[in-house]
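Asks: Quick one: this structure, given as structure tokens, is what I'll be asking you about.
Each value in this text was obtained by applying a stated rule to the coordinates, not by laboratory testing. Keep in mind it's a predicted model, so treat the numbers as computed, not measured. Cβ coordinates were reconstructed from backbone atoms using ideal geometry, including for glycine residues, and neighbour counts include every protein chain displayed.
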Number of protein chains: 2
Amino acid sequence: MSLPRIAVDAMGGDEGVRVMVEGAALARRRHDRFKFLLVGDETRIKAALDNHPNLRGASEILHSTDVISGEDKPSQALRRAKTTSMGMAVNAVKAGDAGAAVSGGNTGALMAISKLALRTMPGIDRPALAALLPTLGDNDVVMLDLGANTECDARNLIQFAIMGSAYSRVVTGRDSPRVRLLNIGTEDMKGTDELRDAATILRKAAADLSMSFDGFTEADKVCRGDVDVVVTDGFSGNIALKAIEGTARFVGDLLRRSFSSSLRSKFGFLVSRPATELLKHHLDPNNHNGAVFLGLNGIVVKSHGSANAVGVANAVHVTARLLEENVTERITADLARVGEESLKMKRAPASAATTGDAA
Amino acid sequence: MSLPRIAVDAMGGDEGVRVMVEGAALARRRHDRFKFLLVGDETRIKAALDNHPNLRGASEILHSTDVISGEDKPSQALRRAKTTSMGMAVNAVKAGDAGAAVSGGNTGALMAISKLALRTMPGIDRPALAALLPTLGDNDVVMLDLGANTECDARNLIQFAIMGSAYSRVVTGRDSPRVRLLNIGTEDMKGTDELRDAATILRKAAADLSMSFDGFTEADKVCRGDVDVVVTDGFSGNIALKAIEGTARFVGDLLRRSFSSSLRSKFGFLVSRPATELLKHHLDPNNHNGAVFLGLNGIVVKSHGSANAVGVANAVHVTARLLEENVTERITADLARVGEESLKMKRAPASAATTGDAA
């Protein structure tokens, strides 16, 4: 079976064409079923392809020199969707010329362009940005939303749980991923009305949704490995993700500083290099690159702007797995299984009875 | 000048009397100006004092055997405030028998008891929980609110900035602490209405408030050392704090696992022990113990439930510094300096619905 090809915005990302093309070539070396539509400056793409003969028969170029910058507002990006490499890559998915798009450009712009071109799936109110984070367990954990929606109601959170669960099934192979809502405590009364209402409905519907839902989790337990999907609004999700990334970097910096604090420590560092390399490998964001916009009629993957070629290759892999496993169809099927009650649910009225008692 | 004495809830914390008394003794060994009111079971406190003769002339015992448990709801804790060690320690501050109280018990209960007994300061709508976090710079960063208020409006955030800034001046000695609001991006348009409104007002008022306010910061930059105060609502603050704590622990676990992955790594670990000990020291939560409820007519410090004696001693130190530096008076003075505009600002209608409960 041939895989639908993947459109790569070759102009996105901090280092542009060279890294994006090298990333595609690396991914193709691991699985030769991938084919690519490389969108960007033809001359520069051709030059980059010279170093990667394995891509030659497996890629087509779609020429564009117009680029969305990091400073462009979503509204500006939308106006230039027809001429920019990012817009053209996403539009290729819309037109059926590609099965999925990957970009390392401006997240807000990519979200706006993707929403307009691909529209949200039936039954989904808002798409969400989902990423994989490393854990102490065997599998990565899926966390969403990571910043696409600043404020969310219970209905949004339930839809995120369904989408995250479908993604986790692809990643972990589990039939019934362990789903939790991110909260500031695990007791039923904790958090906002939206969280408590979402928990009540998910508890009832979990069996029909092939997920194992067990209420709330806290931000210090995301990476323990005993949860497969962590669901949250985009504000809290972005705070949690960046706090995790920042702390991993912070500890890395402290470690480096500690190891260079004395001659003995420097020597120890050299001896224990395999250990620190293992740690570095585990924590390198390139090894967890590729955040997915879930809930659209098509797959769009955001590669980190500062990703290297290995990072881009990982984002391409994520994309390919989502294509192979038909994640969009899985979400549609799950949505069909949820009761009317949840899907037609109005915005939750403030459930005054259950609000906090410490006021 | 004699320092007002510090009331210690000797029954709070996971390990109770022994650790609380040992912590007080350690703190007293560093500064012999501290005097204590030890609140709890007289027999057990006396037994613990046998090992710490340096506390004998410097402490008085207030007998109580009733304890607030980790499971007690704030409402239950309030009803037993007159008989429990936690309630009696806080009430000693109210009565003027002590200048401040320290407890390792249930956070929600401590918040509720403290609010009822000490009331919020004039000009402050809601107290906030503030803690010190380690940074790559020379000083710890103050972060607040960490869970006392689930939802906050712009007016709350501004008051938190004023309180956090006063606390930071005590910790860093800076005349004009660098204050930022926690957000999901640094551009003016990012985040919620509450954050944008608070930023607009703080930008205008910062000069009068002896703080250097420069808009937003993101969760990955909290520990970089270039910000002194990070202001946020209690939900996001709790998520950020726990994500930071959890990731530090996660990286520590990975490091341990990496170092025991081969004989060579194990040997390297032994050689580089001074380096890893330095790291461990920097990340040990006991070295940053002591979260403060700011905005009350009196000082109440929460010690981590699982803190050891060194941790308790650090919480006592935090308490003593706040007493010595008259932080409550400083906040009052700062509030008096803010323009009418900010203080008489109406609550933002969007977030007027729910009252927060303590974490």
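Asks: Out of all DSSP beta bridges with both ends in chain B, state the antiparallel percent to the nearest 5.
Replies: Percentage antiparallel, nearest 5: 30.
Asks: Further, regarding this structure: Given the -39500 (n - 2.57) contribution per DSSP H run of 4+ residues, what per-residue ellipticity at 222 nm results for the protein assembly as shown, rounded to the nearest 500 deg cm²/dmol?
Replies: After summing the helix terms and dividing by residue count, I get -14000 deg cm²/dmol.
Asks: For q = 0.06 Å⁻¹, what log10 I(q)/I(0) does the protein assembly as shown give under the Debye formula with an equal point scatterer on each alpha carbon and no solvent?
Replies: -0.38
Asks: Something else: Provide an ascending nm list, one decimal, of label-point separations from A:V310 to the equivalent residue in each further copy; define each label point as 7 Å from Cα along Cα→Cβ.
Replies: 3.5
Asks: Pick from A:V39, A:V310, A:V142 the residue whose mean-square fluctuation is largest in a GNM of chain A, springs joining Cα atoms under 10 Å.
Replies: Among A:V39, A:V310, A:V142, the largest GNM mean-square fluctuation belongs to A:V310.
Asks: While we're looking at this one, here's another question. Using alpha-carbon positions, what is the distance between the centroids of region A:105-172 and region A:287-334, in Å?
Replies: First find each Cα centre; the distance between them is then 10 Å.
Asks: Of A:L26, A:L279, A:L132, which has the largest mean-square fluctuation in a 10 Å C-alpha GNM of chain A?
Replies: Result for chain A, Cα springs under 10 Å: A:L279 fluctuates most.
Asks: Count, for each residue of A:230-243, the Cβ atoms from other chains sitting within 10 Å of its Cβ, then give me the mean as a whole number.
Replies: 6
Asks: Counting each pair of different Cα atoms once, what's the Kirkwood radius of region B:6-118 in Å, rounded to one decimal?
Replies: 13.7
Asks: Summing Lys, Arg as +1 and Asp, Glu as -1, what charge do residues with Cβ under 12 Å from the Cβ of B:G70 carry, B:G70 excluded?
Replies: -3
Asks: In nm, one decimal, shortest first: how far is the label point of A:F267 (7 Å from Cα along Cα to beta carbon) from the matching points in the other copies?
Replies: Inter-copy label distances (nm, one decimal, shortest first): 1.3.
Asks: So which residue, out of A:G290, A:G311, A:G16, gets the largest mean-square fluctuation from a GNM of chain A using Cα contacts under 10 Å as springs?
Replies: Sorting by GNM fluctuation, first place goes to A:G16.
Asks: Sticking with this structure for a sec: For each pair in B:K73/B:K221; B:K35/B:K82; A:K35/B:K190; A:K115/A:K190, compute the distance between the two Cα atoms and list the pairs where it is over 28 Å.
Replies: Those over the limit are B:K73/B:K221; A:K35/B:K190; A:K115/A:K190.
Asks: Provide the gained length on full extension for the span B:H63 to B:D50, in nm with one decimal, where the gain is 0.36 nm per separating residue minus the Cα-Cα distance.
Replies: Gain in length upon complete extension: 3.0 nm.
Asks: Now for a separate question. In square nanometres, what is one fourth of the surface area of the convex hull spanned by the alpha carbons of chain B?
Replies: Orientation-averaged projected area of the Cα hull: 19.2 nm².
Asks: Between B:P4 and the same site in the other copies, what are the distances in nm, shortest first, taking label points 7 Å from Cα along the C-beta direction?
Replies: 6.8
Asks: Please list, short to long, the whole-number percent of alpha-carbon pairs of region B:87-181 in consecutive 10 angstrom bins beginning at zero.
Replies: Bins of 10 Å from zero give 14, 41, 36, 9, 0 percent of pairs.
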